[in-house]
Structures are given as C-alpha cells and as structure tokens.
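Working notes, structure below.
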Amino acid sequence: MNETDTSLVEPKHNLSVMLSRIRNWPELGAILAFLTIFIFFSLFAPRFFGLRNLTGTFTVVSELGIMTIGVAFLMIAGEFDLSVSGVYATTGFLFVTLGNRLNSVLALAIALAVAACIGLLNGTLTLRARVPSFITTLGMMMFLRGMMIVATGGQTVVYEGDEIVATLLSKYIAHGFRPSHIWFIALVVFFSYLLTGTRYGNWVFATGGNKEVARAMGVNVERVKLINFAISSMMAGLSGCIVINRFGVANASFGTGMELETIAACVIGGTFLTGGYGTIIGVFCGAFLMGSIRTGLVMIGAPAYWYQAFVGAMLVIAAAIHIKVRKGVM
Amino acid sequence: MHQDFPLVRMANISKRFGAVQALDSVSIEVGQSEILGLLGDNGAGKSTLIKILSGVLPPDDGEIYFNEESVRFSSPKDARARGIETVHQELSLVSIMNISRNFFLGRELTKKRGLVGVLDKKKMDKECRRVVAEIGITVRSPNEYVSILSGGERQAISIGRAMYFGAKLLVLDEPMTALSVMETRKVMEHISKARDSGASVIFITHNLYHVYEVADRFTILNKGIKIAEFNKKDVTAEDLIETVARGEVIKS
C-alpha cells in the first residue's frame, strides 16, 4: 500500500470487505459448485475419482470447453452465438470430406477458415441488418443443420484420411490423456490473458458493458463484435474437428443441443448474459462442472436423462446466485 | 498565452434529419479559456450541434475551425486527437467496469510488446489513483467498479479524465442531470477549475441558474436557429430564462 496516499481509505479487514471481495469474483461460485459436485461424486460414485474416469471427463470437458470459450468471449462483448453447434458439425463434416481427399492439415485449415467465415457472416448480418444475434445465429444454426442433412442425405460419414491432425488434436496418448486436454488448457490461458491483460480485452468488456460509451470513447465496437463472432465460430469449428477426430465418424445430428450447453456453462461460470462481464477461468469451471455431472451421474447409476434435469436446475440456481451476489456491487 | 482568435469556431452549420431541419446555418464560437453556456429548449438543436463538434455526426453544411485552422472530424477519435473531450450525461463510463479500466478506455497504457497491446495495469492504476485523489473522491481502490460511485463522482471522474488527457475544449452535455445539490456544486467547481487551468468549456444545460453562475458567455438556440448571444455582464439569469422560454429575444 502506498503510505503517502492519505485520501484513499485503507481497507478494513472485516466481514463486509471480505464479502465484497468475493462479490468481485463471481466465478468463485462456479469453483465452489464444481468442488461440491466433484466431492459428492467422488464419495458416492466408487469409480468416479479414478484416473481413467477423470481423464475421460476431461476429454468431454475440453471439447465442450473450447467451444464455450468462444461463446463466452462473444457473450462478454454483448452478443449470442446459437450457431456454434451447427458450425461444430459443419466444420467437422467439412474436415472429413476434405481430409478423405487432401492432406489432413490442409483440410483442417480450410475447415477452420470456413468456420471463421460463417462467424463473420453471423456478425455482418447482426451488425448490418440490426437483427438481434439471438435470431441471426439461431437461423444460421438451423440453416447449417438443414444443409448438412441435404448434403449427406442423413448418412454417416467415415474419416479415412491421414492421421496427422488426429494425432495433433485428439489421439489417445495414455491413461485417457489426449492432446485436446492441452489445447483446452492452452486456449484457456491464451483467452484469459487476451481478455484481462490486453487492450483488446478492455474493448471487449466495454463493448458488452455499454456499447454507446465504448463508441464515444473511440472503441470500434462493430469491429470488436465482428472479430468475436469469428472467434466464436472458429472455436466451435476446432471443437468439431477434435470430436470428429476422436470418433472417426459423423452424422448430421452431430452435436445437437450443444449451443445451449455452452450457454449454460457460461452462465454457471459467472458470465453475464447481458454482456460486459465474464472470465475464462469461470468458463473453465462451468465446463468442468457440466462434464463432472455428466460422467458422475452415469457412474452413480442414474439414467442418462438426469443429466439434462440436473444441468437445468444448476443453471437456474447459478443464475439466481449470481444476480443476488452482484446486487450492490455492479 | 492569450490569443485573440477563438479556440473553436463553427460557421454556418446545417444538419437535416429527414424532414426535420435540426440546425439551420448556426455559427458559434468559444474563446480561449472561456466557458460558453449553450442554451435552448428541448429540440433546439444543442445536442446535434455538439455531436457534430465531437465528431459523432457529420454536418450537411458548414465549417469547423480549431484555432482558426479548418478541421473535419469523421469520428470522436479525430475530435479527441485535437483535444475536444465530451462528457455526456450518461455516456462516459461503463458501470460494470472498474474505474481504472474506464479511465483509460480507448487510450489504454500499454507496454511495448509486439502487436498485442499488453496493458500496463500498474501504471494505469497508479495514474488513475492519483487523478481520483486530486479530484477528491474517496475510493478504496481504482479497481472498484464504477457502479459504486455516485452520479457526481462519475461526472467528476469524467471531467478529470478529460483534463488528464489534455483537453483544450471540454464539452459538457447536461452534466448535472440527476445530481444532488451538493454534488452539483462540486461539479461546478470542477468546471471552473478546468477553465482556470486553461481549457475552454461548452456547457449545455436546462438549469439556467447553474450555467449563469459559471459561464462567461451564452448562446441561445431555438428550433435549429441561433436566436441570441449574450455576454454575462449584459444579461440577468431571468432574461436568459425568458429568452429560452419564448424562443425569441425580448426587447427591454
């Protein structure tokens, strides 16, 4: 603390200050919830806390998490992306189709470039036509799904290309570890830094927090949103390619409903649906929470449908807690 | 230091929105270190004029001179580069961001490190803390959210920020709306202080008593036309109110 600074009130070490500290850190809720769930399943599901299950959980978490990072990044800038599951499937498909003919690295590059273009199209439609992104991206999701069924005739496609990308993205290493785990962690670190440590991150917060103010202060709000639309789509595309490479097959219903899972993970992780606030660490915890519930419920012997019910309940509880906690601080 | 020519001169500015002639050949000027009260009832064209001056809107017709040099602003950034800083009633701070991040929004301090601008948070916090203390606001840290600040504190920080970044002309658009009496007084002190440190001010308000206290000169608009200009010594606050309310100069 700066001692010459007399005009600033020194922090008082009492409960209310501690509470306000916690309030300034909404992702703490996600961490606590995650730990609670994690301990619960570790105690009641005998094989939950085993290396094989944990790495298996991490695989699912990474695939959902990479997509969620992009969605959160855009959500913080104040826009939704409901097209991610469609982009995920389309990009995966494109990768399989191209990879069966070309070098897989080239196929991945083209597939991700197409994903970025879909994102830019989402952004352009939203910003130019002033249609809310909720609608443009919902439309895009349905359009992509429909086109995919048309293109494949509902058939499953099998990947028969080379193994380079598969090795880079999702090939089984040992004990259930996969490269996607490293990709996820690296992307969490990268985007967390981009958001909190750079000038661009500041613009993202301001754009979502109050776009009129951001614009008045010289931030190119449209460009920030457009870039984030592209990021969201590319992350969804990457996630799709990772999953396709794990399974080796795909069909048109691949990833259905994942857009809502990503939004749930964002909200559980403390991201504001209205934009302007969120952390990538929170997203990490949100995605982990979802993944743990999914595998934990299976391990405990609950029917698979419980997952949806559980996530639904978590989502509402998390949102309610965040709103309560935020009051008076933001 | 004192120059004879005005700091900013807007000449014959016109702006039309569809069927509405928002401004019809309006000319105003602001002297060096002068506080100009820009008055007029709702719909007079004050805000449009200010938006043109701050680069938010382009004029349909007319010229802007800054220190007698013809300028054209295509964005708020251009205007700000010249030292024209605008403080709007609600458009200056993002309430769910912290004070320091708001303070440097769009002008973040960065360390030189490649293409990505890496924020120099330490320096930003230090500078922000210093300015906030100078203004006389008590906060625990520059990392507190703006939402905990009162309206007056927000305006004070906006004005302090403008001065920190070397504002030559401070444009205040209804800065007292929704402020308490005590806070209004404080903000007025900040405005006088800004003028005393060499900046010029355009002050837009509905409350003529506020502006009368601090302004040196008044320009009155009505329905897009400039109807009157007064030096403070030539009018009383009551005269101004009459002129604004009637939309014409009263002969006395």
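We did not get these values from a lab; they are worked out from the coordinates using the rules stated. Computed from a prediction, not measured in an experiment: that's the story for all the values here. A quick note on method: Cβ atoms are made from the backbone with ideal geometry, for glycine too, and the neighbour counts reach across all protein chains shown.
Provide the descending list of Cα extents for segment B:1-93 along its principal axes, expressed in whole angstroms.
Sorted largest first, the three principal extents are 45, 32, 26 Å.
For peptide A:198-204, compute the average count of partner chain beta-carbon atoms within 10 Å of each residue's beta-carbon.
6
What is the mean number of Cβ atoms from other protein chains located within 10 Å of the Cβ atom of each residue in peptide B:117-129, rounded to a whole number?
What the average comes to for B:117-129 is 2.
Determine, for B:ILE50, B:ILE157, B:ILE204, A:ILE110, the number of other Cβ atoms within 10 Å of each Cβ, and report the residues in order from fewest to most.
Lowest count first: A:ILE110, B:ILE50, B:ILE204, B:ILE157.
Only four residue types carry charge here, +1 at the Cβ of Lys and Arg and -1 at the Cβ of Asp and Glu. Report the dipole size of segment A:162-240 about the Cα centre in Debye, rounded to the nearest 20.
240
What dipole magnitude, in Debye to the nearest 20, does segment B:97-144 give about its Cα centre under +1 on Lys/Arg Cβ and -1 on Asp/Glu Cβ?
Dipole size: approximately 260 debye.
To the nearest 0.05, how large is the calculated FRET efficiency for B:ARG107 and A:VAL105 if R₀ is 35 Å and r is the Cβ-Cβ distance?
That pair, B:ARG107 with A:VAL105, gives E of 0.30.
Sort A:TRP203, A:TRP183, A:TRP306 by Cβ crowding within 10 Å, fewest neighbours at the top.
Arranged by neighbour count, lowest to highest, A:TRP203, A:TRP183, A:TRP306 become A:TRP306, A:TRP183, A:TRP203.
Per 10 Å bin, what percent of the C-alpha pairs of chain B does each bin hold, from zero upward?
Histogram of Cα-Cα distances, whole percents per bin: 7, 30, 34, 21, 7, 1, 0.
For B:LYS193, give me every one of the lysines with a C-alpha distance below 29 angstrom, ignoring sequence neighbours fewer than eight places off in its own chain.
List returned: B:LYS46, B:LYS51, B:LYS77, B:LYS121, B:LYS122, B:LYS123, B:LYS126, B:LYS168, B:LYS226, B:LYS232, B:LYS233.
Give the long-range amide H neighbours of B:ALA22: residues separated by 5 or more places, or on another chain, with amide H under 5 Å away, using H modelled in the peptide plane at 1.01 Å from N.
B:LYS15, B:ARG16, B:PHE17
Output the direction-averaged projected area (hull surface divided by four) of the convex hull of the alpha-carbon atoms of the protein assembly as shown, in nm².
About 32.2 nm², averaged over all directions.
Over segment A:71-114, how many percent of alpha carbon pairs lie in each 5 Å bin up to the one with the longest distance?
Computed distribution, short to long bins: 6, 24, 21, 16, 14, 10, 7, 2.
Starting from segment A:139-224, pick out the trypsin sites (Lys or Arg not before Pro) whose DSSP state is loop and whose Cβ has at most 16 other Cβ atoms within 10 Å.
For trypsin sites (Lys or Arg not before Pro) across segment A:139-224 that sit outside H, G, I, E and B with at most 16 neighbouring Cβ atoms in 10 Å, the list reads A:LYS171.
To the nearest 0.05, what FRET efficiency results for B:ILE225 and A:MET142 with a Förster distance of 56 Å applied to their C-beta separation? Intermediate results must be reported in sequence, preceding the final value.
Details: r = 53 Å, r/R0 = 0.95.
Computed FRET efficiency for B:ILE225 and A:MET142: 0.60.
Amide H of B:ASN222: which non-local residues (sequence gap of 5 or more, or other chain) have their own amide H closer than 5 Å, using H built in the peptide plane?
Residues meeting the amide H criterion: B:ILE227.
Placing one identical point scatterer on every Cα of segment A:31-321 and ignoring solvent, what is log10 I(q)/I(0) from the Debye formula at q = 0.11, 0.13, 0.14, 0.15 Å⁻¹?
So the normalised log intensities are -0.63, -0.88, -1.02, -1.16.
Give the Kirkwood hydrodynamic radius (Å, one decimal) of segment A:151-246, defined as one over the mean of 1/r across all pairs of different Cα atoms.
16.1
Restricting the calculation to Cα positions, tell me the Rg (one decimal) and the Dmax (whole number) of segment B:106-161 in Å.
12.8, 39
Count the DSSP beta bridges whose two residues both fall in the protein assembly as shown, then state the antiparallel fraction as a percent rounded to the nearest 5.
Values: 27 of 44 bridges.
Restricted to the protein assembly as shown, the bridges split so that about 60 percent are antiparallel.
Just to be sure I understand the model, the point goes 7 Å from the Cα along the line to the Cβ. What's the resulting A:THR196 to A:GLU212 distance in nm?
3.1
With θ taken as phi - 60° and the coefficients 6.51, -1.76 and 1.60, list the Karplus ³J(HN,Hα) couplings across segment B:95-112 in order, rounded to whole Hz; mark glycine and proline as x.
Result, ordered by residue: 6, 9, 10, 6, 4, 5, 5, 5, 4, 9, 4, x, 9, 4, 7, 10, 8, 6 Hz.
I need B:THR243, A:THR207 ordered by Cβ neighbour count within 10 Å, fewest first.
Ranking B:THR243, A:THR207 by Cβ neighbours within 10 Å, fewest first, gives B:THR243, A:THR207.
Between B:ASP120 and residues 5 or more places away or on another chain, which pairs have amide H atoms under 5 Å apart, with H built 1.01 Å from N, and which residues are they?
B:LEU109, B:THR110, B:LYS111
List the DSSP H helices in chain A whose Cα atoms stretch 27 Å or more along the helix axis and whose mean Kyte-Doolittle hydropathy is at least 1.6.
Result, helices passing both filters: A:104-128, A:280-300.
Taking just the C-alpha trace of segment A:192-279, give me its Rg and Dmax in Å.
According to the Cα coordinates of segment A:192-279, Rg and Dmax are 15.7, 50 Å.
Suppose every K and R has +1 on its Cβ and every D and E has -1 on its Cβ; what is the size of the dipole of the protein assembly as shown about the Cα centre, in Debye to the nearest 20? Don't skip to the end; give the middle numbers.
On the way: 56 positive and 47 negative charges, 302 e Å.
Taking the Cα centre of the protein assembly as shown as origin, the dipole is about 1460 debye.
Give the average, rounded to an integer, of partner chain Cβ atoms located within 10 angstrom of each Cβ in B:65-78. Don't skip to the end; give the middle numbers.
Values: counts 0, 0, 0, 0, 0, 0, 0, 0, 0, 0, 3, 5, 4, 1.
Rounded to a whole number, the mean comes out at 1.
Can you pull out the trypsin sites (Lys or Arg not before Pro) in segment A:225-330 that DSSP calls coil and that have at most 10 other Cβ atoms within 10 Å?
On the way: sites: A:LYS225, A:ARG246, A:ARG294, A:LYS324, A:ARG326, A:LYS327; in loops: A:LYS327.
The qualifying sites are A:LYS327.
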